[in-house]
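Just so it is clear, none of the values below were taken in a lab; they were calculated from the coordinates. In this text, all values refer to a predicted model and were calculated from it rather than measured experimentally. Cβ sites come from the backbone with ideal geometry, for glycine too, and all protein chains shown count toward neighbours.
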Amino acid sequence: MTGAMREFVEAIVLALVVFFVIQLSIQNFKVEGSSMDPTLHEGQFLLVNKVVYAQLDMERLSRLIPFWDADEEGKRYLFHPPKRGEVIVFRFPLDTSRDFVKRVIAVPGETIEIRAGVVYING
């Protein structure tokens, strides 16, 4: 009987670990509005990878690991920063209870200009 109980406890612990990993790394969002047409439509749901844009605080890491030398950058992306063309989800700055689903059209350092309804990046 103890072997069966041990397997049961192991299965429960494994299920909890998998549940928490999924909860921390993936989230679903609903598209509201028509700003993402024709790619995404009102009411569609997205599964979003929350880990891909995770950032490491290099200064804090250098304090925890004695031989780690922090460079000039305070934070660094774990995988990569947002790239042009990617769909991202972010909190609306004026009301953090709302999430926005948008496409990245430019990255830091680029200039955006809209003339006659056409978006120009860096001229």
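Cut-off 10 angstrom, C-alpha nodes, Gaussian network model of the chain. Which of GLU110, GLU42, GLU32 fluctuates the most? Judging by the Gaussian network model, the answer is GLU110. Work from the charge dipole of the chain (Cβ charges, +1 for Lys and Arg, -1 for Asp and Glu, about the Cα centre) and give the residue of LEU56, PRO82, PRO66 farthest towards its positive end. The one lying farthest along the dipole's positive direction is PRO82. Taken over region 26-91, the alpha-carbon convex hull comes to 112 cubic angstrom per residue. If you plug the beta carbon distance of TYR77 and VAL18 into 1/(1 + (r/R0)^6) with R0 = 30 Å, you get a FRET efficiency near 0.75. Placing a label point 7 Å from the Cα of VAL89 along the Cα-to-Cβ direction, the residues of region 12-26 whose backbone N falls under 15 Å of that point are 22-26. Be a star and scan region 24-60 for residues whose amide nitrogen sits under 15 Å from the point 7 Å along the Cα-to-Cβ vector of VAL119. Under 15 Å, as judged by backbone N against the label point of VAL119, lie 34-40 of region 24-60. Each of SER34 and ARG103 was given a label point 7 Å from its Cα along the Cα-to-Cβ line. The distance between the two points is 1.7 nm. The angle between the Cα long axis of helix 2-25 and the longest principal axis of the Cα atoms of the chain comes to about 10 degrees, rounded to the nearest 10. In summary, the lysines within cross-link reach of LYS30, defined as a Cα separation below 25 angstrom excluding same-chain residues under 8 places away, comprise LYS50, LYS83, LYS102. Comparing VAL18, VAL101, VAL52 in a Gaussian network model of the chain, where Cα atoms under 10 Å apart are tied by springs, the biggest mean-square fluctuation is seen for VAL18. The Cα-based radius of gyration and maximum Cα-Cα distance (Dmax) for region 71-123 are 14.1, 43 Å.
Here the chain is treated with +1 on each Lys and Arg Cβ and -1 on each Asp and Glu Cβ, and its dipole about the Cα centre works out to around 140 debye. For the chain, set up a GNM with springs between Cα atoms under 10 Å and report which of ILE105, ILE26, ILE12 has the largest fluctuation. For the chain, modelled as a Gaussian network with Cα springs under 10 Å, the answer is ILE12. Quick note on the chain: its Rg to Rh ratio, both from C-alpha atoms and Rh being the Kirkwood radius, is 1.13.
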